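Worksheet for the structure shown next.
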Amino acid sequence: MNKDAILATVIGFGVGLIIAALVFLGPTLFKNFPQIRFPDIGAMIAKFQSSNNANKPTPTPKIGETLTIQSPLPDAIEPQNEALISGTAPPNALIVIEGEATENVVVANASGSFAGKISLGEGKNEIQVTSHLKDATQTQSVTVYYTPEDF
């Protein structure tokens with residue numbers, strides 16, 4: 001065997017040992033290193049924007065003029081493939097309840113209450129409720145989960 005072949009074999013063996021050591025010992029070695037954390041740019045931007053908006057008064061919505069979903073609660077687990085969506089909206093507003101596969105249109109009563117059923121698919125269901133009254137449109141959403149399994 002010539003010198004070049006022996007040298008290449010020794011170098012290859014050494015590189016292989018280093019890689020094997022990193023694979024087996026790496027997790028225990030790296031958990032002792034300090035964690036690198038980058039600054040939260042989003043929080044700094046939000047703080048800057050809130051300080052700029054601090055001088056602007058925000059109008060307070062009148063009770064009964066905003067769309068709210070009261071049922072189901074966010075991230076609720078529904079045992080049936082239908083859910084009753086209820087809440088409050090501006091009086092006599094047209095309410096569109098949209099699910100993954102179906103939608104339902106109801107009208108809020110004179111006191112602003114509404115309710116409507118919608119079909120659910122198995123798993124995660126994003127439900128979007130939109131209120132239409134004259135030229136004002138409001139939208140709220142809620143996520144519910146449907147599973148036929150018994151807990």
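The values are calculated or read from the model by the stated rules, or taken from the named source; none is laboratory data. Given the structure is predicted, the values throughout are model-derived calculations rather than measurements. Heads up, the Cβs are rebuilt from the backbone with ideal geometry, glycines too, and the neighbour counts pull from every protein chain shown.
Inside segment 95-125, residues that are outside any strand (DSSP E or B) and either more than 24 Å from the chain's Cα centre (by Cα) or surrounded by 14 or more Cβ atoms within 10 Å (Cβ to Cβ) (or both) make up a count of 8.
Restricting attention to segment 120-137, the residues being over 21 Å from SER71 (Cβ atoms) and touching a residue at least 40 places away in the same chain (Cβ under 8 Å) number 2. Can you spot a residue in segment 75-82 that is under 14 Å from SER141 (Cα atoms) and either modelled with pLDDT under 90 or β-branched (Val, Ile, Thr) (or both)? Yes, the conditions are met somewhere in segment 75-82.
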